[in-house]
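Take a look at the structure set out below.
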Amino acid sequence: MAELRPFAALRYDEERAGPLEDLVAPPYDVLSEEERRRYLERSPHNVVHLTLPDSEEEAARDFAAWREGGVLREERPSFWSLEQRYVGPDGVERVRRGLVASLRAEPYERRVVLPHERTHREAKEGRLRLVRAVGAQLEPIFLLYEGPPPVARPEGDPELEVDGTRVWRLAEEDVIVEAFADRQLVIADGHHRYETTVEYAASGGSPWLMAVLVSTSDPGLTIFPTHRMAGRFDSSNVVLLGENGAGDPIAALGALAPDRAGAVVYLPGQVAVAEGEPGQLDTQLVEALAPEDVSYTADAGEAVAAVDSGRAAAAFLLRPTRIEDVFAFAQRGEMLPQKTTYFYPKLLSGLLFHPL
């Protein structure tokens, strides 16, 4: 069902662009304005000059100049193997492995690629203007598939290595293409960029995008929770814990019933618990509680501190969403609340570019 092919990637020529560690960055949608500024200052060729430019026209000029000046060089068409060694928020070191490929973006109704989270229109409009101006897919999206990887990671030294990420070229092209011909894919990260590509193709542009595909059985694939902070919240429908709600919110999180949705609600000086129904996810339960002015953090301590300092009226501490639940909801066509999943680490931007 999924159509994959090798692609003629562009990559930095470090002799002309500088060391790779000065050129790569996290994806555009996780960078604060201060972080964006730091990456822009790190190198005149840092990828953020393309992914978060002052204007789409500026990104197009830079990309064209980098190609013409040899800052970016073109590789022969290939699939790539990618490995990320990381320490998660839980302090555990893991290795996550994936396959980098060119994927044909199909409308969701064709059931080839499935979403699991809702998107916002305004976030897609800027990405569409950028891809039209630059004529390239600048960052990969992150996809999941069921079953074992079709090929093993190559032996020997990688062609690219930076910040715990290593990349090798793959040779078994026919094996890879055939392995995904009957598989459905679920978007783990990159819904906005995927939907942008579908819209771009519908208006006559290229339907191809750059994707990293990771097996759900990969031992390095983990989901961490994203906690919520609310500027306003009606707490009358949650139950306080202990005497006057006293207690440790982090400890209460570990005591939630495993067979139903649950969340710890931290209020100024008080700990409460909310419980949902079997089959419901924690994030769906919190959405039903109708918090207002919601922001997000991966750090439970930060969420608690926001309430203690008065920056938030309530914090909602959640457990990780299970990978099998993400796949099950996606296959049923059910959309989940934003930030239901937090796949860590994010993919690095700037390793490879996909010209259209």
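Could you please find all residues in region 59-77 being of a type in the set (D, E, K, R), open to solvent by 30 Å² or more (accessible area, probe 1.4 Å) and either in a loop (DSSP other than H, G, I, E, B) or out of contact with any strand residue (DSSP E or B) (no Cβ under 6 Å at 6 or more places or on another chain) (or both)? Spell out how you get there, then give the answer.
Going residue by residue through region 59-77, those that are of a type in the set (D, E, K, R) are 61-62, 67-68, 73-76.
Among the residues that remain, those that are also open to solvent by 30 Å² or more (accessible area, probe 1.4 Å) are: 61-62, 67-68, 73-74, 76.
R61, D62, R67, E68, R73, R76, listed by residue number.
Inside region 189-202, can you point out the residues that are at pLDDT 95 or above and of a type in the set (G, A, S)?
A201, A202
Among the numbered criteria (1) of a type in the set (A, V, I, L, M); (2) open to solvent by 50 Å² or more (accessible area, probe 1.4 Å); (3) in a helix (DSSP H, G or I), which single criterion is violated by V307?
Result: V307 passes all but (2).
Mind listing whichever residues of region 59-80 are without any contact (Cβ under 8 Å) to a residue 40 or more places away in the chain and basic (K, R)? Spell out how you get there, then give the answer.
Taking region 59-80 first, the residues without any contact (Cβ under 8 Å) to a residue 40 or more places away in the chain are 61-62, 64-65, 68.
Result: R61, single match.
Check E14 against each of (1) under 26 Å from L170 (Cα atoms); (2) touching a residue at least 60 places away in the same chain (Cβ under 8 Å); (3) surrounded by 13 or more Cβ atoms within 10 Å (Cβ to Cβ) and name the one condition it does not meet.
All conditions are met except number (2).
Of all residues in region 81-95, how many are open to solvent by 60 Å² or more (accessible area, probe 1.4 Å) and touching a residue at least 60 places away in the same chain (Cβ under 8 Å)?
Number of matching residues: 3.
Within region 236-251, take every residue that is open to solvent by less than 50 Å² (accessible area, probe 1.4 Å) and not in a loop (DSSP other than H, G, I, E, B) and give me the one that is modelled with the highest pLDDT. Break it down into steps so the answer makes sense when it comes.
First, pick out the residues of region 236-251 that are open to solvent by less than 50 Å² (accessible area, probe 1.4 Å): 238, 245, 249.
Checking which are not in a loop (DSSP other than H, G, I, E, B) leaves us with 245, 249.
Values: G245: 58, P249: 91.
Among them, the one singled out is P249.
Quick check, is G254 open to solvent by less than 10 Å² (accessible area, probe 1.4 Å), small (G, A, S) and without any contact (Cβ under 8 Å) to a residue 24 or more places away in the chain? I'd like the intermediate steps shown before the answer.
Values: open to solvent by less than 10 Å² (accessible area, probe 1.4 Å): no; small (G, A, S): yes; without any contact (Cβ under 8 Å) to a residue 24 or more places away in the chain: yes.
Criteria not met by G254.
Taking the options V95, V167, name whichever one is more than 16 Å from the chain's Cα centre (by Cα), closer than 23 Å to N46 by Cα, in a strand (DSSP E or B) and of a type in the set (A, V, I, L, M).
Details: V95 fails: closer than 23 Å to N46 by Cα.
Exactly one of V95, V167 is more than 16 Å from the chain's Cα centre (by Cα), closer than 23 Å to N46 by Cα, in a strand (DSSP E or B) and of a type in the set (A, V, I, L, M), namely V167.
Quick check: is even one residue across region 114-128 buried (at least 21 other Cβ atoms within 10 Å of the Cβ), among the charged types (D, E, K, R) and part of a loop (DSSP other than H, G, I, E, B)? Break it down stepwise before answering.
Initial filter on region 114-128 (buried (at least 21 other Cβ atoms within 10 Å of the Cβ)): 116, 127.
Going one step further and asking which of them are among the charged types (D, E, K, R), we end up with 127.
Checking the rest, the ones that are also part of a loop (DSSP other than H, G, I, E, B) come to none.
Within region 114-128, none of the residues are buried (at least 21 other Cβ atoms within 10 Å of the Cβ), among the charged types (D, E, K, R) and part of a loop (DSSP other than H, G, I, E, B).
Looking at (1) part of a loop (DSSP other than H, G, I, E, B); (2) at positive phi; (3) of a type outside the set (S, T, N, Q); (4) at pLDDT 90 or above, which is the one condition that is false for D293?
(1)
Which members of region 28-58 meet the condition of being closer than 21 Å to F142 by Cβ, in contact (Cβ under 8 Å) with a residue 60 or more places away in the chain and open to solvent by 40 Å² or more (accessible area, probe 1.4 Å)?
D29, V30
State whether the residues of region 101-119 include one that is at positive phi and either among the small types (G, A, S) or touching a helix residue (DSSP H, G or I) at 6+ places or on another chain (Cβ under 9 Å) (or both). Break it down into steps so the answer makes sense when it comes.
Quick first cut of region 101-119, residues at positive phi only: 111.
Within this subset, residues satisfying the condition of being either among the small types (G, A, S) or touching a helix residue (DSSP H, G or I) at 6+ places or on another chain (Cβ under 9 Å) (or both) are 111.
So far as region 101-119 goes, yes, one or more of its residues are at positive phi and either among the small types (G, A, S) or touching a helix residue (DSSP H, G or I) at 6+ places or on another chain (Cβ under 9 Å) (or both).
From the list P154, P149, P158, pick out the single residue that is in a loop (DSSP other than H, G, I, E, B), open to solvent by 50 Å² or more (accessible area, probe 1.4 Å), over 20 Å from E109 (Cα atoms) and out of contact with any helix residue (DSSP H, G or I) (no Cβ under 7 Å at 6 or more places or on another chain). Give the steps one after another, and end with the answer.
Details: P154 fails: open to solvent by 50 Å² or more (accessible area, probe 1.4 Å); P158 fails: open to solvent by 50 Å² or more (accessible area, probe 1.4 Å).
Testing whether each residue is in a loop (DSSP other than H, G, I, E, B), open to solvent by 50 Å² or more (accessible area, probe 1.4 Å), over 20 Å from E109 (Cα atoms) and out of contact with any helix residue (DSSP H, G or I) (no Cβ under 7 Å at 6 or more places or on another chain) leaves just P149.
Only one of A188, A255 is within 21 Å of G88 (Cβ to Cβ) and among the small types (G, A, S). Can you tell me which? I'd like the intermediate steps shown before the answer.
Details: A255 fails: within 21 Å of G88 (Cβ to Cβ).
After ruling out the rest, the residue left standing is A188.
The values are calculated or read from the model by the stated rules, or taken from the named source; none is laboratory data. Since the model is a prediction, treat every value here as computed from it, not as a measurement. Positions of Cβ are backbone-derived with ideal geometry, glycine not excepted, and every protein chain shown enters the neighbour counts. Ligands, DNA and RNA are excluded from the accessible area calculation, which covers all protein heavy atoms including side chains. Shrake-Rupley method; radii C 1.70, N 1.55, O 1.52, S 1.80 Å.
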